[in-house]
Amino acid sequence: MFDINLISILLPALAAGVLVLSTHVLLGQQVLKRGIIFIDLAIAQVAALGAIVAHLNHDIEHLPFSNVWMPALFALGGAGFIAWLSKRMADELEAIIGCFYVLSAVAAMLLLSNDPHGAEMLKQLLSGQILWVNWSQLIWPACVSALVLAVVFLRPSLLEGSGFYILFAIVITLSVELVGVYLVFSTLILPALAVNKFGSRYRLGAAYLVGLTGYILGLLVSATLDLPSGAAIVATLAVSAILFRLALSLSLKTGQEVAIPAKVS
């Protein structure tokens, strides 16, 4: 049974989801277009690695906003490395990005292996804790997201060049902090996949609708059934994307059947 008292928790969580969607749906279509599907996982994992390094180094941990700029440095470094590779090893780029992700994940596990709270931190970075986001945590991500969207609107050509990797690293850094690695990947790829065959001018709007539906249903399912919020949202995002693809496929098939005239006997 849904507890109405959970509204005060669900609203900031939904706002965090909307912030993540605002930039990730746009960047996700570019990721799919470039054919570098694993870049979001890789950069998200590298940003998480930066957060772990900051956590383990007490000198860095006590510096102001180290939980933001340290992951950002790692993410920018990883994005710069991938941008450099894209011009020299384009035919093997996806495989190298996959290896980059695995090595970053292994490095995180090794660094946290002797930390008494390592398992909990790793779980938080991967699955996120979106239900426990508060309004004050959203101020900085909201400002950065608005700035990124404004830059893309004013100079859309940035998405086609190397500037994409810089924007991508900045956005991913903030998103990992809010929702975790798994939700970052799902938010980038699932709405983009859902509308990949949708040739309408409303394609971007449809992708946002798929993502928003997934987040709303996931939060409701999580709150009602007492399930992990990150995992629930990933699942409902997948269901939302699949249902849209099925509906689109059915409508296209029906349209083709109507367009083909019946044979005269």
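For region 1-153, the residue among Ser104, His62, Trp132 whose Cα projects farthest onto the positive side of the dipole built from Cβ charges is Ser104.
For the residues Pro71, Pro228, Pro116, a GNM of the chain with alpha-carbon springs under 10 Å puts the largest fluctuation on Pro116.
For region 12-88, the relative contact order comes to 27 percent (Cα pairs under 8 Å, sequence separation of at least 6). In this calculation the C-beta distance from Leu110 to Tyr202 is compared with R0 = 45 Å, giving a FRET efficiency of 0.45. Magnitude of the charge dipole for region 89-207, about its Cα centre and with charges confined to Cβ atoms of Lys, Arg (+1) and Asp, Glu (-1), is about 520 debye. A Förster distance of 22 Å, applied to the separation of the beta-carbon atoms of Lys33 and Cys99, puts the FRET efficiency at 0.50. Of the residues Gly218, Leu250, Leu167, the one whose Cα sits farthest towards the positive end of the charge dipole of the chain is Leu250 (charges of +1 on Lys and Arg Cβ, -1 on Asp and Glu Cβ, taken about the Cα centre). Each Lys and Arg adds +1 at its Cβ and each Asp and Glu adds -1 at its Cβ; summed about the Cα centre, the chain shows a dipole of about 1140 debye.
Sequence-distant contacts, meaning Cα pairs under 8 Å at least 6 residues apart, place the relative contact order of region 96-235 at 26 percent. For His62 and Arg155, the FRET efficiency from 1/(1 + (r/R0)^6), where r spans their Cβ atoms and R0 equals 35 Å, is about 0.40. With the charge dipole of the chain set up from +1 on Lys and Arg Cβ and -1 on Asp and Glu Cβ about the Cα centre, the Cα lying farthest toward the positive end among the listed residues Val18, Leu158, Gly77 is that of Leu158. Is the C-alpha gyration tensor of region 77-177 telling us rounded, prolate or oblate? Criteria: a/c under 1.5 is rounded; beyond that, a/b larger than b/c is prolate, otherwise oblate. In terms of gyration-tensor shape, oblate. Taking the accessible area of the chain, probe 1.4 Å, and keeping the other protein chains in place, the carbon and sulfur fraction comes to 71%. Using a probe of 1.4 angstrom and keeping all protein chains present, the accessible surface of the chain works out to 53 square angstrom per residue.
Across the chain, the relative contact order, built from alpha-carbon pairs under 8 Å that are at least six residues apart, equals 30 percent. Under the membrane-span-like helix rule (DSSP H runs whose alpha carbons stretch at least 15 Å along the helix axis, mean Kyte-Doolittle hydropathy 0.5 or higher), the chain yields 7-34, 39-56, 66-86, 93-112, 139-154, 163-179, 181-194, 203-225, 229-259. Once the chain from Ile7 to Trp69 is taken as fully extended at 0.36 nm per residue, the excess over their C-alpha distance is 19.1 nm. Once Rh is set to the Kirkwood radius over Cα pairs, what Stokes-Einstein translational diffusion coefficient, in µm²/s, holds for region 151-190 at a temperature of 10 °C and a viscosity of 1.306 mPa s? For the chosen part, D equals 145 µm²/s. Restricting attention to the chain, the count of lysine pairs at 8 or more positions apart or across chains with alpha carbons under 24 Å apart stands at 4. Centre-to-centre separation between the Cα atoms of region 118-175 and those of region 1-77: 6 Å.
The values are calculated or read from the model by the stated rules, or taken from the named source; none is laboratory data. In this text the structure is predicted, and so the values were computed from the model without any measurement. When we count neighbours, we look across all protein chains shown, and the Cβ atoms used for this are built from the backbone with ideal geometry, even at glycine. For accessibility, only protein heavy atoms count, side chains too; no ligands or nucleic acids. Shrake-Rupley method; radii C 1.70, N 1.55, O 1.52, S 1.80 Å.
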